[in-house]
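Chemist: Before we start, here is the structure in question, set down as structure tokens.
The values are calculated or read from the model by the stated rules, or taken from the named source; none is laboratory data. Just so we're clear, the structure is a prediction, and the values are computed from it rather than from any experiment. Positions of Cβ are generated from backbone atoms using ideal geometry, with glycine treated the same way; all protein chains shown enter the neighbour counts. These accessible areas exclude ligands, DNA and RNA; they are computed on the full protein's heavy atoms, side chains included. Shrake-Rupley method; radii C 1.70, N 1.55, O 1.52, S 1.80 Å.
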Amino acid sequence: MSYNTFGRVFRFTTWGESHGPALGVVIDGCPPGIALSEADIQPWLDKRRPGTSRFTTQRREPDEVRILSGVFDGRTTGTPISLLIENVDQRSKDYSNVALAYRPGHADYAYDAKYGFRDHRGGGRSSARETAARVAAGAVARLVIPEVTITGWVEAIGGDSATGFDASQIGENPFFAADAEAAVRWEALVDSARKSGSSLGAVVACEATGVPAGWGAPLYAKLDAELAAAAMSINAVKGVEIGDGFAAAALTGEANADPMRPGADGAPEFLANHAGGIAGGISTGQPVRLRVAFKPTSSILTPVPTISNTGEATEIATRGRHDPCVGIRGVPVVEAMMALVLADQKLLHRAQCG
């Protein structure tokens, strides 16, 4: 059984490979009557698009989206929405050595072990190129939750963490950094890794404001569990935290509590948000906060010991165009997955509670 679909009510299925003719997504369960055009989707794809700076892969893809179905007279019809993004700048010959040996840290060996063969061109289905389809789906999901504002940013690159936070800076640098000084440091860090044929990991943070209390479900459809699953499904993600995450394990009960006082509108006023806006799997009305750890890109020019696909000892240095820090372009992907989960949970809540 192959799983390429995510969601319960608002569901999406991605398809396509890194070096195939195109990739795309089919969205099912979107409510009818929502105004939707390519112009609503394209800005989010442009945010994720490769080749926008020297700090990302130099693959040149316009990532222009086409709506193939599910929209009539500019509005969603309630039927499946199909979105297409063509691949126009593949260089499959760069992966000739990957056909013969496995990249350590990549999915090459795991795919061979599962399927008995694999598409070595750019990693095929395991390539981060697949996330373009998620971002397109996330753009549609945002229209289902207009009451919610989602903001993502990079918190750390290569172990160097930002110390300040200014949301106005996020769109002013190529790292989606909320700290202008950190962005300057990261230029040197990523440049150094790129020139040496290596790569760096990153931590991406994401916050959703405007989420009302009550979204989510006890036990098996918890909002935080769905967010964790969504984030862990992103290529290169190896860790997820909700709210304080692992740091909460070092706190006492009173330090970890989110104290409440009566609010002006009858809802509680929270004095802290250690829980990341979620309690018992259900949103509390506070900002929903997520942190995601991206590992360093596995495709690097530095030779690494490995084995060939016939089991012999060898080394591999991956040619081609790759992100020296995949977490940078991971920001719009994390935002998209946040939007997709929240849209799904909104519809789930409406289905049960009206």
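Chemist: For the stretch 236-272, which residues satisfy the criterion of being in contact with a Leu (Cβ under 9 Å, 6 or more places away or on another chain) and either touching a residue at least 60 places away in the same chain (Cβ under 8 Å) or assigned to a strand (DSSP E or B) (or both)?
Modeler: Residues satisfying the conditions are V240, E241, I242, M260, R261.
Chemist: Let me ask you something else. Would you confirm, using the coordinates I've provided, whether V184 is of a type in the set (V, I, T), out of contact with any His (no Cβ under 8 Å at 6 or more places or on another chain) and under 30 Å from R319 (Cα atoms)?
Modeler: When the stated conditions are applied, V184 passes them.
Chemist: Something else: Within the stretch 151-161, does at least one residue satisfy the condition of being on the phi > 0 side of the Ramachandran plot and surrounded by fewer than 14 Cβ atoms within 10 Å (Cβ to Cβ)?
Modeler: Yes: one or more hits.
Chemist: Could you please find all residues in the stretch 3-37 being in contact with a strand residue (DSSP E or B) (Cβ under 7 Å, 6 or more places away or on another chain) and free of Cβ contacts under 8 Å to residues at least 24 places away in the same chain?
Modeler: N4, T5, T13
Chemist: I've got another one for you. In the stretch 169-176, is there at least one residue being of a type in the set (G, A, S) and modelled with pLDDT of 95 or more?
Modeler: No: zero hits.
Chemist: Suppose the filter is open to solvent by 70 Å² or more (accessible area, probe 1.4 Å), among the acidic types (D, E) and at pLDDT 95 or above; does E254 pass it?
Modeler: yes
Chemist: If you scan the stretch 170-188, which residues turn out to be surrounded by fewer than 19 Cβ atoms within 10 Å (Cβ to Cβ) and assigned to a loop (DSSP other than H, G, I, E, B)?
Modeler: P174 - this is the single residue of the stretch 170-188 that is surrounded by fewer than 19 Cβ atoms within 10 Å (Cβ to Cβ) and assigned to a loop (DSSP other than H, G, I, E, B).
Chemist: Taking only the stretch 268-282 into account, find how many residues are within 24 Å of the chain's Cα centre (by Cα) and not small (G, A, S).
Modeler: Of the residues in that region, 4 qualify.
Chemist: Looking for something open to solvent by 10 Å² or more (accessible area, probe 1.4 Å), under 19 Å from G201 (Cα atoms) and under 24 Å from the mean Cα position of the chain (by Cα) - is there at least one such residue anywhere in the stretch 109-121?
Modeler: no
Chemist: A further question follows. Looking at G124, is it at positive phi, surrounded by 20 or more Cβ atoms within 10 Å (Cβ to Cβ) and not in a loop (DSSP other than H, G, I, E, B)?
Modeler: When the stated conditions are applied, G124 passes them.
Chemist: Looking at the stretch 190-198, is at least one residue more than 13 Å from V331 (Cβ to Cβ), open to solvent by 10 Å² or more (accessible area, probe 1.4 Å), modelled with pLDDT of 95 or more and acidic (D, E)?
Modeler: Within the stretch 190-198, not a single residue is more than 13 Å from V331 (Cβ to Cβ), open to solvent by 10 Å² or more (accessible area, probe 1.4 Å), modelled with pLDDT of 95 or more and acidic (D, E).
Chemist: Could I ask something else about it? Show the residue pairs that are 6+ apart or on different chains and have beta-carbon atoms under 7 Å apart, the first residue being within the stretch 306-329 and within 21 Å of H19 (Cα to Cα) and open to solvent by less than 20 Å² (accessible area, probe 1.4 Å), the second being assigned to a loop (DSSP other than H, G, I, E, B) and of a type in the set (D, E, K, R).
Modeler: I316/R103; T318/R103; D323/R329
Chemist: Residue by residue through the stretch 128-150, note down the ones that are open to solvent by 10 Å² or more (accessible area, probe 1.4 Å) and touching a strand residue (DSSP E or B) at 6+ places or on another chain (Cβ under 8 Å).
Modeler: Residues satisfying the conditions are R129, E130, R134, R142, L143, V148, T149, I150.
Chemist: Quick check on my filter: what residues within the stretch 273-303 are part of a strand (DSSP E or B), open to solvent by 40 Å² or more (accessible area, probe 1.4 Å) and β-branched (V, I, T)?
Modeler: I282
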